[in-house]
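Shown next, in structure tokens, is the structure this report addresses.
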Amino acid sequence: MNESFDVVALGELLIDFTGSGKSAQGNGLFEACPGGAPCNVLAMLRKLDKSCAFVGKVGDDMFGCLLQSTIREAGINADALIMDGKIPTTLAFVQTMANGDRDFSFYRKPGADMMLTEEELPLERIRNARIFHFGTLSMTHEGIRAATVRAVSNAKEGGALISFDPNLRPPLWENLEDARQAISWGLAQCDILKIADNELEFMTGQKDFYQGAAMLQERYPNIRVLNVTAGAEGSYSFYGQEPAVFVPACKLGGVIETTGAGDTFCASVLNFVLEHGIQGLTVEERREMLRFANTAAYIVTTRKGAIRAMPTREEVLALL
């Protein structure tokens, strides 16, 4: 496992069951959509021709086999995907609201993604990555938390940029103070941050994005690129002492659901950093970064699922 990759991500890989109408008998139908934030990010990066590898665990069951074949089909290296013979694959049932937002019900007590241990990490692969990406679903329980901490430390030793997306899911935490501490730890580790508007308020108490971002920049000077996503409003980029950039969202209608939109945005930003570097980004470069990321995220909201819904570079550029 000594091959080097542009991006290595660690975390959850699961099935998102999304509503798909009713049967002839009037029963609710669900579509089994392969997902999980870290692999969603990698799936979009593969569409942008970046090399990617995933680190995680699924159950050795029908869903785990589906996930393994899906990420391989997407071109994501799955050599470090472990199949657990005792714990089932994590499942999430997604209820989509009228505005496209979602409510999640997780079946994860336990789920296989929680069971990854330090001893199972492909340390050499993580150390050789250009970017290492993670979120907080790999920090909800002791074992996977220890593995995440070790992986981040290992990636830093190899000189990788660290990318972090809090991806706060309150139902998966025993209490929100634990979630706050985990997010705070992630913020203290990362070079590149993608944070949603509700997560920014959760961590700073600020509804104003500029004030909230300024607080994070002061508390965590290690964050070099700080991007805030504000759903249908658009996104913001904060970069040291340089002027902040805001780009409105793409609003062409046809939104089905928002699953994977933030991950698509995150991947587009990581792709921009891989192609342009992280030093000396201008206002115009960051505006270009957000325009592409917003548009890619919009396209995903017009499709179901995430891993199999990612647009190509050509689709994004055509819409732009």
Residue among ALA297, ALA267 that alone is surrounded by 24 or more Cβ atoms within 10 Å (Cβ to Cβ), in contact with a Phe, Trp or Tyr (Cβ under 8 Å, 6 or more places away or on another chain) and farther than 15 Å from ARG224 by Cα: ALA297
So which of ASP16, ASP101 ends up being of a type in the set (D, E, K, R), crowded, with 21+ Cβ neighbours inside 10 Å, under 30 Å from PHE272 (Cα atoms) and at pLDDT below 95? ASP16
Give me the pairs: first residue in segment 150-164 and farther than 19 Å from ILE183 by Cβ, second residue outside any loop (DSSP other than H, G, I, E, B) and among the basic types (Lys, Arg), beta-carbon distance under 8 Å, and six or more apart or on different chains, which are they? ASN154/ARG127; GLU157/ARG127; GLY158/ARG127; ALA160/ARG127
Exactly one of ALA244, ALA213, ALA230, ALA249 is among the hydrophobic types (A, V, I, L, M, F, W, C), surrounded by 13 or more Cβ atoms within 10 Å (Cβ to Cβ), in contact with a strand residue (DSSP E or B) (Cβ under 8 Å, 6 or more places away or on another chain) and in contact (Cβ under 8 Å) with a residue 40 or more places away in the chain, and that residue is ALA249
Looking at segment 173-196, which of the residues that are outside any helix (DSSP H, G or I) and among the aliphatic types (A, V, I, L, M) is surrounded by the fewest Cβ atoms within 10 Å (Cβ to Cβ)? ALA196
So, in segment 130-172, exactly how many residues are under 19 Å from THR117 (Cα atoms), out of contact with any strand residue (DSSP E or B) (no Cβ under 9 Å at 6 or more places or on another chain) and assigned to a loop (DSSP other than H, G, I, E, B)? 2
Would segment 199-207 turn up any residue that is part of a helix (DSSP H, G or I) and surrounded by 24 or more Cβ atoms within 10 Å (Cβ to Cβ)? yes
Which of (1) within 27 Å of VAL316 (Cβ to Cβ); (2) modelled with pLDDT under 95; (3) in a loop (DSSP other than H, G, I, E, B) is the odd one out, the single condition GLU3 does not satisfy? (1)
Only one of these is out of contact with any strand residue (DSSP E or B) (no Cβ under 9 Å at 6 or more places or on another chain), in contact (Cβ under 8 Å) with a residue 24 or more places away in the chain and surrounded by fewer than 21 Cβ atoms within 10 Å (Cβ to Cβ): SER51, SER4. Name it. SER4
In this structure, does ARG108 turn out to be touching a residue at least 24 places away in the same chain (Cβ under 8 Å) and either more than 30 Å from ASP49 (Cα to Cα) or of a type in the set (Ser, Thr, Tyr) (or both)? yes
Restricting to segment 76-90, name every residue that is surrounded by fewer than 19 Cβ atoms within 10 Å (Cβ to Cβ) and over 19 Å from PHE134 (Cα atoms). MET83, GLY85, LYS86, PRO88
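The values are calculated or read from the model by the stated rules, or taken from the named source; none is laboratory data. All of these numbers come straight from a predicted model, not from anything done at the bench. Using ideal geometry, Cβ is built from the backbone for each residue, glycine included, and neighbour counts are taken over all protein chains shown.
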